[in-house]
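First the structure, in the form of structure tokens, and then the observations on it.
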Amino acid sequence: MRRIGLLHPGAMGATVGAAARSNQHTVLWASAGRSASTFARARRANLEDAGTVAELVKDSEIVLAVCPPDAAEEVAREVADLGFSGVYVEGNAISPDRTRTIQRIVEKAGAHYVDGGIIGGPAWTREAKTHMYLSGPRAQEVAACFEGSPLTTPVISERIGAASAVKMGYAAYTKGTTALLTAILGMVEKEGVRAELAGQWGNTFTEQTVRRVCANTAKAWRFVGEMHEIAATFRGAGLPGGFHEAAAEVYERLEAFKDHSELPAIEAVLQALLRRD
């Protein structure tokens, strides 16, 4: 059995830890400075508290980072500065170029690096059909920790950046088109023709669109950094990144709905979207 350090058990990360625990691996987390909601997720996932990041790093063979994209380098540097020499798994939603930058930070300190890209919702059960794509020379070793668990871990390449590219491509469509639909509804609301567009779209597509837009509001704040990463990925491929920069702004305007437990009415969503400071 392996000893895995998880930084940090957020809404997605906790389920990754739980998936490894279901295979009887020890999964550590660091409670110092974390919120009550993080404590609750760690308990649900049956994680073992190492107390501090330093203790977690010292006691782990594998460190798995699943955090907001803007914290990716900070987390990697902290682990590297603590002298970690095991396998570092970068599971954040970041561009291929950025994951290769973090690879250099980690490997310079003497650790091994695996690139990861998570697609799907929280992996508490197999029904979620969540995948963590992996790439890198040590990827198979990490994948084995999750074999048969609720989290599927396909190894797609030995090339660092491949897993992140799959994640970026997938989210570019799913979350990018949701942002586009949100902006379209905002525009026709502003012009007073939302009902007319709904008539053109038809009841089924209109209802699906409204449900999709409203369902994403509680998570919209998490998508802002991801849209910037997708834009950087497109630019790195010689393509324009402006569409997803605009998508980031759309999601940023919905930050007031962060972590709401109930779906808002579409009127409230459009009011927030169209309000400018």
Can you tell me the relative contact order of the range 74-232? Whole percent, Cα pairs under 8 Å, sequence separation 6 or more.
-> 20
Of all DSSP beta bridges having both residues in the chain, the percent classed as antiparallel (nearest 5) is 20
Could you please put Arg253, Arg126 in sequence from largest to smallest accessible area, using a 1.4 Å probe?
-> Arg126, Arg253
Computed label-point distance, nm, for sites Glu107 and Lys129 using a 7 Å Cα→Cβ extension | 3.5
Using a simple charge model, +1 on the beta-carbon of Lys and Arg, -1 on the beta-carbon of Asp and Glu, nothing else, what dipole does the chain show about its Cα centre, in debye to the nearest 20?
-> 340
With Cα atoms, 0 to 90° folded angle of helix 162-191 axis to the chain main axis = 20
In whole angstrom, and with the biggest value first, how far do the Cα coordinates of the range 91-214 range along each principal axis?
-> 60, 32, 19
Estimated D of the chain in µm² per second, where Rh is the Kirkwood radius over Cα pairs and Stokes-Einstein applies at 10 °C, 1.306 mPa s = 81
Using only the alpha-carbon atoms of the range 58-105, report the extent along each of the three principal axes, biggest first, to the nearest angstrom.
-> 29, 18, 15
With Cβ to Cβ distances under 10 Å as the rule, what net charge do the other residues near Asp59 carry (K, R +1; D, E -1)?
-> -1
Per residue and in cubic angstrom, what volume does the convex hull of the Cα atoms of the range 152-196 have?
-> 78
Evaluate the Debye formula for the range 178-277 with equal point scatterers sitting on the alpha carbons, no solvent, and hand back log10 of I(q)/I(0) at q = 0.20 Å⁻¹, in q order, two decimals.
-> -0.99
Lysine pairs in the chain with Cα atoms under 26 Å, if 8 or more residues apart or on separate chains | 15
Could you compute the FRET efficiency for Ala215 and Arg34, with r as their C-beta to C-beta distance and R0 at 25 Å, rounded to 0.05?
-> 0.35
How many percent of the accessible area of the chain is carbon or sulfur, using a 1.4 Å probe?
-> 51
With every protein chain kept in the model, how would you rank Met168, Met12, Met1 by accessible area, 1.4 Å probe, largest at the top?
-> Met1, Met12, Met168
State the Cα centre-to-centre distance between the range 223-275 and the range 1-58 in whole Å.
-> 29
Please give the per residue accessible area of the chain, computed with a probe of 1.4 Å over protein heavy atoms only, in Å².
-> 48
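The values are calculated or read from the model by the stated rules, or taken from the named source; none is laboratory data. The structure displayed is predicted, hence computed values, not measured ones. Ideal geometry is used to build each Cβ from the backbone, glycine not excepted, and the neighbour counts take in all protein chains shown. In case anyone asks, the SASA skips ligands and DNA or RNA and just uses the protein heavy atoms, side chains included. Shrake-Rupley method; radii C 1.70, N 1.55, O 1.52, S 1.80 Å.
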